[in-house]
Amino acid sequence: MTATVQGSATLAIAQHHFDTAARQLDLDPSLTAVLRHIKRELVVHFPVEMDDGSFHVYTGFRVQHNIARGPAKGGLRYHPAMTLADARALAMFMTWKAAVVGVPFGGAKGGVVVDPKLLGPTELERLTRRFTTEISLLIGPDRDIPAPDIGTGPQEMAWIMDTLSMHAGYSVPASVTGKPTVIGGSEGRHAATGRGIATVAVQALNDSGIDSAGATVAVQGFGQVGSNTAHLLAAAGLRVVAVSDSRGGVHSGAGLDIHALTALKEEGGALADYGGAETLTNDELLTLGVDLLVPCALEAQITGANAAGVRARVIAEGANAAVDPDGDAVLADRGVLIVPDILANAGGVVVSYFEWAQDLQTFFWAPGEVNARLREVMGRAYDAVRARSQSQNVSLREAAYHIAVANVAEATEVRGIYP
Ligand code: GLU
């Protein structure tokens, strides 16, 4: 990595997991160096006209970690704390994520240092279109395909698709995934990450000897990933007893009505306005005595400092790096099963792959077909990771990294180093 760029906690976590896998796989040192480095990165500073007529200069990034297995793929994050180091870490996670579920993409990530909640809709549109133009040096349907992430969604993807299409002179729907269905988005993309998490979480509960019917769940984060996960787990017969967002959450031993909570949020209310439940903080939610804990907020929520208080028996990491390596060690000692981020939250990129393939063929699938294929891919990936974890006596995270890193290493080796 370039010494002049400040690191980040998330980058340290990403490097820790890769280094562990490289060591455990006894990977050749030259190959290790290739896979550990970021292939390509672009930092842009660009002006946006604000609604009051002034200009503000924003900073954005697009980072491609590795493209040995296919075009780069990964989301765009709009967050005030976004850094280049975080984009590098998240791009690395994308490389391993695509490899562990077997979709033919490399890993990328990008974003803008901005709090999108502070911008009006026209400011957000101008920012997105200008940022798209700035990173159009790198992105395109056969090179690098962005998608939503924290702070972005279908509307931003529509603006990106339209901007790239305006420059091309014709519609290029495959240039971005997570679009509205009316312009080539895939059925099932919106809930895909949550559906993938729900699929592997239920398998992990069953493997731990916990009947998923009636199993208790706490979900941290009630954005697109957390709310869909909560809905799908409740629909699968689990009892969601606690949810939270950045402002705190609610807890009811009898179970929460997820539809009512979603409606409340859509009306602009707070989760705490939900009647018939106790309020709780995010820290309290993480230590509830539940069968399944699903952290879907931000990185490093469970660390060496608070992991001893976590009482869940299974954790499915909805957010990337929700558990840091110190947290992993504490939980492993206590026999808590962790379904790692690169497997648990890969449903988004799986359906992004389906969306990209549908756009390239201009042939669209019914929701049932998308969801069935997603469940099949996630179930197969989970089984492979679980089998490796048992045969090698390593954690699910280590097993997932073994499969992913070995796969990318093999692709790199067989292609050879040019020239
Ligand atoms: N941002 C999502 C992720 O981190 C989706 C990426 C994609 O679909 O390309 O997995």
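The values are calculated or read from the model by the stated rules, or taken from the named source; none is laboratory data. Here the structure is a predicted model, which is why all the values come from computation and not from measurement. Reconstructed Cβ throughout: ideal geometry from the backbone, glycine too, with neighbour counts over all protein chains shown.
Ala204 fulfils the conditions (1) of a type in the set (A, V, I, L, M); (2) closer than 30 Å to Ala87 by Cβ; (3) not in a helix (DSSP H, G or I) except for a single criterion, (3). Only one of the numbered conditions (1) farther than 25 Å from Pro47 by Cβ; (2) touching a residue at least 60 places away in the same chain (Cβ under 8 Å); (3) small (Gly, Ala, Ser) is violated by Ala85, and that is (1). When the strands (runs of 3 or more DSSP E) confined to segment 1-111 are screened for residues that are at pLDDT 95 or above, surrounded by fewer than 15 Cβ atoms within 10 Å (Cβ to Cβ) and over 15 Å from the mean Cα position of the chain (by Cα), those reaching at least 2 such residues are found at 40-49, 55-66. Looking across segment 232-259, the residues that are among the polar types (S, T, N, Q) and under 18 Å from Gly318 (Cβ atoms) come down to Ser244, Ser246. Out of (1) away from the ligand (no atom under 16 Å from the Cβ); (2) in a loop (DSSP other than H, G, I, E, B); (3) in contact (Cβ under 8 Å) with a residue 12 or more places away in the chain, what's the single condition that is false for Asn320? Unmet condition: (1).
When Glu266 is tested against the conditions (1) modelled with pLDDT under 95; (2) in contact with a helix residue (DSSP H, G or I) (Cβ under 6 Å, 6 or more places away or on another chain); (3) over 27 Å from Ala384 (Cβ atoms), the lone failure is (2). Would you call Asp207 more than 15 Å from the ligand (Cβ to nearest atom), of a type in the set (Asp, Glu) and modelled with pLDDT of 95 or more? Criteria met by Asp207.
Quick grid of which residues meet (1) within 22 Å of the chain's Cα centre (by Cα); (2) small (Gly, Ala, Ser); (3) surrounded by fewer than 24 Cβ atoms within 10 Å (Cβ to Cβ):
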site: Tyr274; (1), (2), (3): no, no, yes
site: Ala305; (1), (2), (3): no, yes, yes
site: Val323; (1), (2), (3): yes, no, no
site: Arg334; (1), (2), (3): no, no, yes
site: Leu337; (1), (2), (3): yes, no, yes
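Can you pull out the residues in segment 143-196 that are aliphatic (A, V, I, L, M), more than 15 Å from the ligand (Cβ to nearest atom) and part of a helix (DSSP H, G or I)? Of everything in segment 143-196, those that are aliphatic (A, V, I, L, M), more than 15 Å from the ligand (Cβ to nearest atom) and part of a helix (DSSP H, G or I) turn out to be Ala158, Leu164, Met166, Ala168, Val182, Ile183.
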